Each structure stands twice: as C-alpha cells, then as structure tokens.
Amino acid sequence: MRARYGVPLGITAVGAAGIAYAAGFEVRSFRLRRITVPVLPRGMRPLRVLQVSDIHMVGGQRKKQRWLQSLAGLRPDFVVNTGDNLSDPEGVPETLDALGPLMEFPGAYVFGSNDYYGPKLRNPARYLLEKASGRHGLNGNAPAVGVIHNPWEELRDGFDAAGWVNLTNTRGNLKVEGYDIALTGLDDPHIKRDRYAEVTGGPREDADFSLAVVHAPYLRVLDAFTADRYPLILAGHTHGGQLCIPFYGALVTNCDIDTKRVKGLSTHQAGGHRSYLHVSAGCGTNRYTPVRFACPPEATLLTLVARD
C-alpha cells in the first residue's frame, strides 16, 4: 500500500506546496531590478529611468500600493509606465493613489489591453495552445465578446493632470535636467490598436535623446522601431512568463517574442540596425491567476549612460 500510493501523494504534496508558495509569497515578493544601458550620446550625464508595468491593480492590494509609493524614494529623473494598470473596474482610485508619489516626477505612459477591458477567467493552458499556433490576443484570434469595459478615461485623466505624457500612437517630449527627451509610443499591439504609420519617421534629430515605448513587444513593432533607429525600446506585457521553471525559464510570452527575451535587457535587430530592448516582468497578475513562480514581481530602475 505504501509503495502504491507514496509517489502520487508525494507529487501532490510538492504541487500543493508550490501553489502555496506561488500564491502566498512570491506574488507579493516585490523586487527592484537595476540595470545600466549604454545608449546616450557622448557627453550626456547619466539618466535614471524608473519603469513600472503590469500593475493589474485589484481593490485591497495594500502591500502592492505601499511598495509602489515607496519607489518615489529612488528619485528617478523620469518615469515610464508601460500599461496594464488595472485588473478591476473599481481599481482606478487605488492605482492613482499608489502612483501618486511617482507622478511628482516627469513621466510618460501607454496603455495595455487590461486598461481598456476587464479580465476574463480562462484556462491557463490556452497560453500554451496560442504559443503553438502563433495566435495571441486579437492577433489571429476572434474578437473578444462580452468583455467588461474599464474606466480607462479616468486613469488617463489622472495621469494627464499630473503632467505625464500620453504616448498613445503619438510622440511627446520631456524636459529633464535641461535635456530634451523625445518619446514615441504606440497603443497596445496585443489588441491591434498600434498605428505605426502615425509615428513613423524615426527619432527627432534635434532631441538630446529618443526612446520608444509600447505595452506588448510584438515583433512587428520591435522591427519598426529598430529599423527607424530608436536606440532603446521599453515594453511590458509578458509578466516575465509568470509561471517559470527554475533553471529553465519561461514557457510562454503571450506574444510572438521568444522566451529568451521574455524579461530584462536584450537587443533586437531589424533593417540593418540594432536597438536595446527592455521588457519588464511587471509587478502584478491577472486577478484570476494571482500566482507567480520563479518570476517575482518587479519594477526596473534603468540607468542610461553614454555609448562606448
């Protein structure tokens, strides 16, 4: 009897312990990633950029709110929010409260699909099926039906009132310590709201530095930004894979980027040019899958320095 049931019971116990860890500890184990990116023109002093992404705020997430508020102590030169702030139609006030101290700094933002639409309960195995078929979001799948519409306009108005620059299929700029920082952004490619034709043309030649911002790092967007010679692209969306295998990494990215670049700093090549790409693993989860494993929630402080 012991030999017959011992192994299955052991596997069940290990699985239960893993779920308890993923849902009870790691999902609230917030981290700050620090990286250095050599992208500035020679002669510019370093710039510190705080990237926050995929907050997926749900009412009552006090620890997440306090952690986000504490990031203001880093005193970044500017903040970039790469979208998916909401996972609850009632979450706008708490999101704005959590980001309030950061909105004292210059900043810019794009939205993700979860800012526009509420999450739906879905089988996590669908992410594996979508990866196998190459169909992600509305890119190859049927349009969503019966979705909840989030009050994204209230979120936009809060960001705009703080002076953050809306980069929804448009260009903008920030004045930071006497430098003119040009930014080009796109709406979320995951739901086919990106309109690159409206921002094509490459970086502003008269700016001190230019960077590109998008929520989901789909290859068509990365190719376009890189071919137009943007030195740095910031994105989120992937959750770093969210449920990863130790010593192996992510199984899915929820877009068409490869799993080796699911989070952190990498490079992208297109049109004979190369750009740095930073993908944030984000600090939240869909409210229906509140677990992380081998992929703690994060924000990133990028120190931009002069090119070699």
Answer yes or no: is there a residue in region 87-102 that is of a type outside the set (D, E, K, R), under 17 Å from residue 238 (Cα atoms) and open to solvent by less than 10 Å² (accessible area, probe 1.4 Å). yes
When you look at residue 217, is it surrounded by fewer than 22 Cβ atoms within 10 Å (Cβ to Cβ) and either assigned to a helix (DSSP H, G or I) or not acidic (Asp, Glu) (or both), yes or no? no
Within region 267-289, can you find the residues that are out of contact with any helix residue (DSSP H, G or I) (no Cβ under 6 Å at 6 or more places or on another chain) and open to solvent by 20 Å² or more (accessible area, probe 1.4 Å)? 267, 269, 272, 274, 276, 286, 287, 288, 289
Where the second residue is aromatic (Phe, Trp, Tyr) and surrounded by fewer than 22 Cβ atoms within 10 Å (Cβ to Cβ) and the first is without any contact (Cβ under 8 Å) to a residue 40 or more places away in the chain and lies in region 208-221, which pairs have Cβ atoms under 6 Å and are six or more apart or on separate chains? none
Under the condition of being charged (D, E, K, R) and at pLDDT 95 or above, which residue from region 62-89 is farthest from residue 29 (Cα to Cα)? 77
Is at least one residue of region 186-202 in a strand (DSSP E or B), touching a strand residue (DSSP E or B) at 6+ places or on another chain (Cβ under 8 Å) and either polar (S, T, N, Q) or open to solvent by less than 20 Å² (accessible area, probe 1.4 Å) (or both)? no
When you scan region 147-154, do you find a residue that is touching a residue at least 24 places away in the same chain (Cβ under 8 Å), within 21 Å of the chain's Cα centre (by Cα) and open to solvent by 70 Å² or more (accessible area, probe 1.4 Å), even just one? yes
Residues being at pLDDT 95 or above, farther than 21 Å from residue 38 by Cβ and touching a Lys or Arg at 6+ places or on another chain (Cβ under 8 Å) - total across region 253-298: 9
Among the candidates 241, 172, 163, which residue alone is modelled with pLDDT of 95 or more, farther than 22 Å from residue 76 by Cβ and not hydrophobic (A, V, I, L, M, F, W, C)? 241
Hey, among the residues in region 151-169 that are in contact with a helix residue (DSSP H, G or I) (Cβ under 6 Å, 6 or more places away or on another chain) and part of a loop (DSSP other than H, G, I, E, B), which one's farthest from residue 116 (Cα to Cα)? 162
Looking only at region 98-127, how many residues end up being over 29 Å from residue 212 (Cα atoms) and assigned to a helix (DSSP H, G or I)? 2
When you check residue 250 against the structure, is it at pLDDT 95 or above, buried (at least 18 other Cβ atoms within 10 Å of the Cβ) and under 25 Å from residue 85 (Cα atoms), yes or no? yes
Any residue that is open to solvent by less than 10 Å² (accessible area, probe 1.4 Å), modelled with pLDDT of 95 or more and not in a strand (DSSP E or B) - is there at least one of those in region 39-53? yes
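The values are calculated or read from the model by the stated rules, or taken from the named source; none is laboratory data. Being a predicted model, the structure only gives us computed values, none of them experimental. So basically every Cβ, Gly included, is an ideal-geometry build from the backbone, and we count neighbours across all protein chains shown. Surface accessibility is based on the protein's heavy atoms, side chains included, excluding ligands, DNA and RNA. Shrake-Rupley method; radii C 1.70, N 1.55, O 1.52, S 1.80 Å.
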